[in-house]
Amino acid sequence: MTRITTIAALLAAGTALAPCTAPAQEVDYSGTLSILTKFGMQRLQPYFTDLAAEYEAMHPDVTIELIQEDDDSIKGKTSTLVASNAIPDIFFSWTGTWGGNFVRGKRAADLTDIIGPGTDWGKTFAPAAVDAFVYDGKYYGIPLYLDAKFMGYSKPVFAEAGVEVPETFGALLSACDAIRAAGYLPVSFGNKEPWAGLHYLGQLLAYNVPRDVLEADFDPATASYDNPGYLAALGQFAEFEEHCTAGPDVNGISYQTAIQQLSDGKSAMYYQEIIEFDSAARPDTALTPEEFGFFPLPAPEGAAGDPMALEGAPEGYMISSASKNIPLAVDFMKFATSQANGRTLSAPPYGQPSAVIGGSDPESMNPSVVAGLDAIAEASYLVPWLDTVNHPRVAAAWLSEFQGFAGGTSSAEEVMAAVRKAAMSVSN
Amino acid sequence: MARTLSLPIDGAAGNGSVLSGLRLSPAARRFLAWRWVALAVLIVGWFVYYPIFDNFRVSMTSSDIFTGEVRNVGLENYRRLAEDPVVLGALANNLAYAVLSIVFQVFGAFVLASIIEDIATRRMRNIWRAVYFIPSAISTTVTGLLFYFIYQPDIGILDGLLTALGLGHWSRAWLGDASTAIYAIIAMSQWQGFGYSTLLFTIAIQKIPRDLYDAARMDGAGPLRQLWSITLPMTREMTGMMIIVTITGAFQVFNEVMVMTAGGPNNSSQVLGTWLYQMGFSQNEMGYAAAIGSLIFAVTMACGLAQLWYTRRRRVAA
Amino acid sequence: MTDISHMPAAADDAVPARAPWALLGRAMLQALLVAIAALVLYPLIWMAMNGFRSNAEIFNSPFALPAHWSFAAYAAAWQNGVSQFVLSSLVVTGVSIVTTVFISAWAAYGLTRTTIPGQPLVVGFILGGMMLSPTVALVPLVRMMQDFGLYNTHWALILLYTAFRVPFTTFLIRAYMLDLPRDLDEAARMDGASEGQIFRKIILPLCRPILVSCVILHVLFAWNEYLFAMIFTNSPETRTLPVGLTSLMSKHGTDFAQVFAAMTISALPIVIVFFLTQRYFIRGLTEGIGK
């Protein structure tokens, strides 16, 4: 590029910051698109690689650069890219505070005119999924798939131990005792990466703390964290840990080891995201897809929250406001969220239930994923992940204190005191 | 030498063949000698000294990477540092690292080196030294991951070994237990590092004149006596340096902790380096991270000055 | 190990101890050396073995030998990025060896063979860099590298490895040069040789042992460095082995054989380099230490 065109490109980037991105604008099919994905896992990587190849074949002047990260590394990588003003044109985002950061920093393009209510593209998505990326009444995210947490279990082990799918939290604990007596680890649980344990707690909080209280506490400005439901949920988790898991040792086990234990038929259950169904049970693992079943973590009887709540959230992508070719980025995402590509994503080996209406074909999908989608549709409230919905400092307090709680070194009161303190320090 | 003079101009940056032909005043000539050190001064100044000064400036700010907003907050980050319980825990962990490393990598290695020098043949001596050195040659990422697996409750060989020895009740999730995590990491570090210091000690011991030992033996001194009254005093300089280097290293430790526990569970194995990383790069609190950096600077600087003072003193004494 | 106890006379210094308790003591010390060697080697052998075993074997019989020797995991690891990481490590290590050793050798020459105004200050400045911790410089360096456009390039690592190793390398070479006799270079200077020629033709060849040691020490450092590599690179093309390994660990975390294979692949070259060069390495250290 000559200097003059470089300057022109920089100027164009500046104008792109203007709030409206003129959806009708003619797409210029040339240049480079960089994409930060969360599909870095070996099993998921080909999805975007294939999409990119196909798109490049359709538009030979477009080059796509993929940065594929995984669950563990995506946060750090995103932060570094943001700090260096090198945000890719299209980037992964969770809902909640995480996505809000980009909006607050004016890093994400406002997509209201192209994906908002009444737009052609917007109508192709499950409405709740698009709405999850609304900030201050504007639409910023393109949901790719739906995610929620379920207890996956091994049908043969349940049969051997003579237990049924538990309907209540108490029934789950007694089922665990029966399974342990039958010689299996009831639930494989690895809390070396502390978000794994926090997922249990998020679901239990939704059962024990009323939704409006929970949502007020997610916002540091209105947080008080004094609802008794918090201590109740921690108490339930402690019981669960004692009856169902390896105990305080869980902090030394990686979540990957835990999932392996279920796949190897050594444990009866593993609490997992719907997007993990297709990796927990594969035709080549000891636990086959036919032997795999799932159920929502059962709600404790008489808890003060919403027993029909389910922990989960759509996950999606945003477009950088600094992108030199926003229309092209939008066009690529339209391509990625076509019904056909949605079906590919929903089916094995990916098993990520698409957020696109008609983007999932039960015929080609793992039946458990199909049933999981139904369960998501029936949930009265999707409570987002605690570590992405909260301010980073509050999330850090949850993560480390809860790890201490699981290891038996912090009490429930200490956990809540630390979380409260972190929330106060942020709001000041 | 005359032959070398007729060689064509050499390509080194410190090339003086053109300059030497010129008539220069001695002062100018002395000034030109700077060209030898210019690159070193430049690169060290730019990438080592400047960032460390800049770190103090950053430590007085608070920034939001998403909005790009930077605020001056004065000493606020240092106040937070003083009140942060994790910093205190991290300091204690760094200290434990230093103490245990001195025990194993300085004194343990010294004893081991003496044993090797005393009883092994020349050939075996080289073999022992080389074998013990292997872990030091390998990346801490590899050894950290390796021990991460060794400490695992299910696939790890440590718990398997303990069970085989009838000590099954000792087995635990070494890295998952807040009371053992940092010690498990330190243990790995000793495994990795002792060979390096053993090698350095054997070199130092070999420099001791043999006749000192012969004379001691004539006087009927046993091996322990020789160790105490000859080897130890004669390697004192090496020991002193090693202690200071070990302490400095213990306050910069990062890699093994990052790979094995990332500071968990519940920050129990956090050291200053990993806490800085976590604050700066996963919680985006660069200002606070810089303040932690200042603390590391203060500690390592103190060690460095102690080292300088020690070598000076030794030199004067010698 | 038995050959040693049978041939105490072969030991170059030790006078054979005849008393039975001394023999027993020696036997115990020999046993100690063997035990420590086993402690060092066994985990490494276990690591290499696990690269040959299946996941189920690794989980169910951690101590057993592989059921069959399959290089599948090694091949998979190599293809899934390790080859790229090895290439990056080679580039970064190779280039930074050259820059570090040359810059340090020039500086050492300048500090020992010329009279620089303010020489003690320059010595203090360069060697003082040894006391400064990379961790402390981290936060500002991130911004610097981004401003220079070097973020996520091999150059970032090459520059930083050079900058942070020049002080130590200069320290070693300078100590060595200080002990070199001055008559040779003074004679050459009488003959009218330029400084550049004296450096290249006389001093540098004499310094070969310490230069070799410096190169080996630099390889050990650069091949294994993690902190800078983790912060300043972020794509599979630029990542060096230590960082690539951790990313492999999180991406293929459930395929343990492949992770072990990748670990072995990254450890092996450095161990081989060390064994091939240890004679020179130790000689250089012996002559460079204790000055």
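Rolling a 1.4 Å probe over the heavy atoms of the protein chains gives region A:231-375 an accessible area of 31 Å² per residue.
Computed log10 I(q)/I(0) for region A:169-234 at 0.19, 0.28, 0.29 Å⁻¹: -0.85, -1.16, -1.18, from the Debye equation with unit scatterers placed on every C-alpha and solvent omitted.
Couplings for region A:255-271, taken from phi via the Karplus curve 6.51 cos²θ - 1.76 cosθ + 1.60 with θ = phi - 60°, read 4, 5, 5, 5, 5, 4, 5, 5, 4, 7, x, 8, 10, 8, 9, 8, 7 Hz in order; Gly and Pro are left as x.
Each principal axis of the Cα cloud of region A:289-428 was evaluated for its coordinate range; sorted largest first, these ranges are 50, 48, 26 Å. When restricted to Cα atoms, region B:185-318 yields an Rg and a Dmax of 20.4, 68 Å, respectively.
When the other protein chains are added to the chain by itself, burial of at least 50 square angstrom of heavy-atom accessible area (probe 1.4 Å, ligands and nucleic acids ignored) affects these residues of region C:43-78: C:Pro43, C:Leu44, C:Trp46, C:Phe59, C:Phe63.
Taken along the Cα-to-beta-carbon direction at a fixed 7 Å, the label points for A:Asp219 and B:Ala164 span 6.1 nm.
The mean count of C-beta atoms from other chains within 10 Å of the C-beta of residues in B:275-282, rounded to a whole number, is 5. Sorting the segments B:290-296, C:220-226 by their residues' average number of neighbouring beta-carbon atoms within 10 angstrom, most packed first, yields B:290-296, C:220-226. In a fully extended conformation the segment linking A:Arg104 and A:Val165 would gain 17.6 nm over its present Cα-Cα distance, using 0.36 nm per residue. As a fraction of the 1.4 Å probe accessible area of the protein assembly as shown, surface on carbon and sulfur atoms comes out at 63 percent.
Where the only charges are on Cβ atoms (+1 Lys, Arg; -1 Asp, Glu), what is the dipole of region B:84-317 about its Cα centre, to the nearest 20 debye? Its charge dipole is roughly 980 debye. Give me the Kirkwood hydrodynamic radius of region C:142-228 in Å, from all C-alpha pairs, to one decimal place? About 15.3 Å, per the Kirkwood formula over Cα pairs. Rounded to the nearest 20, the Cβ-based charge dipole of the protein assembly as shown about its Cα centre (Lys and Arg +1, Asp and Glu -1) stands at 6220 debye.
For chain A, what does the convex hull of the Cα positions come to per residue, in cubic angstrom?
With only Cα atoms used, chain A gives 138 Å³ per residue.
A protection proxy built from the mean count of other Cβ atoms within 10 Å ranks the segments A:158-164, C:92-98, most packed first, as C:92-98, A:158-164. So for region B:70-133, Kirkwood radius off the Cα pairs, Stokes-Einstein at 37 °C and 0.692 mPa s: how many µm² s⁻¹? Diffusion coefficient, whole number: 212 µm²/s.
Residues of region B:92-151: accessible area per residue at 1.4 Å, in Å²?
27 Å²
The Cα center of region B:105-126 and the Cα center of region B:195-211 differ in position by 8 Å.
Rolling a 1.4 Å probe across the protein heavy atoms gives chain C an accessible surface of 40 Å² per residue. Considering only A:Glu301, A:Glu315, A:Glu241, the Gaussian network model of chain A with Cα springs below 10 Å gives its largest mean-square fluctuation to A:Glu301.
Full extension of the segment from A:Lys138 to A:Ser380, taken as 0.36 nm per residue of separation minus the current Cα-Cα distance, would add 84.8 nm. Counting 0.36 nm for each residue step from A:Lys123 to A:Asn85 and taking away their Cα separation leaves a gain of 10.4 nm.
Give me the Debye-computed log₁₀ of I(q)/I(0) at q = 0.07, 0.09, 0.10 Å⁻¹ for region B:84-317, equal point scatterers on Cα only, no solvent, two decimals. Those come out to -0.29, -0.47, -0.58, one per q. Interface between chains C and A: roughly 1400 Å² of accessible area buried, both sides summed (probe 1.4 Å, protein heavy atoms only). All C-alpha to C-alpha distances of region C:83-199, sorted into 5 Å bins beginning at zero, yield P(r) values of 2, 10, 16, 17, 17, 13, 10, 7, 4, 3, 0 percent in whole numbers. Measuring nothing but how far apart in sequence close Cα pairs (under 8 Å, 6+ apart) lie, relative to its length, region C:77-288 scores a relative contact order of 35 percent.
If R0 is 22 Å, the Cβ-Cβ spacing of A:Ala57 and A:Glu26 corresponds to a FRET efficiency of close to 0.55. For region A:35-69, state which residues have at least 40 Å² less accessible area in the presence of all protein chains than in their chain by itself, taking the probe as 1.4 Å and leaving out ligands, DNA and RNA. Checking the loss per residue gives A:Gln42.
Summed over both chains, the area buried between A and B is near 2100 Å², taken from the accessible surface of protein heavy atoms with a 1.4 Å probe.
Relative to its residue count, the protein assembly as shown spans a Cα convex hull of 196 Å³ per residue.
Taking amide H as placed 1.01 Å from N in the peptide plane, A:Phe125 has its amide H under 5 Å from the amide H of A:Ile357, each at least 5 places away in sequence or on another chain. Taking both sides together, what accessible area is buried at the B/C interface, probe 1.4 Å, expressed in Å² and rounded to the nearest 100? Buried surface at the B/C interface: approximately 9400 Å².
Note on region C:77-288: Rg/Rh from Cα positions, Kirkwood definition for Rh, rounded to two decimals, is 1.05. Backbone N atoms of region C:99-124 closer than 14 Å to the 7 Å Cα→Cβ label point of C:Glu186 belong to residues C:113-114. Using the Cβ-Cβ distance between B:Glu69 and B:Ala216 with R0 set to 51 Å, the FRET efficiency works out to roughly 0.10.
Under the Kirkwood approximation for Rh and a Cα-based Rg, what ratio Rg/Rh is obtained for region A:91-142?
Here Rg/Rh amounts to 0.94.
Three semi-axes describe the equivalent ellipsoid of region B:13-160; taken as square roots of 5 times the Cα gyration tensor eigenvalues and ordered largest first, they are 43, 37, 16 Å.
The values are calculated or read from the model by the stated rules, or taken from the named source; none is laboratory data. No experiment lies behind these values; they were computed from the predicted model shown. Here the Cβ is made from the backbone with ideal geometry for all residues, glycine too, and neighbour counts use every protein chain on show. Note: accessible area is taken over every heavy atom of the protein model, side chains too, but ligands, DNA and RNA are not part of it. Shrake-Rupley method; radii C 1.70, N 1.55, O 1.52, S 1.80 Å.
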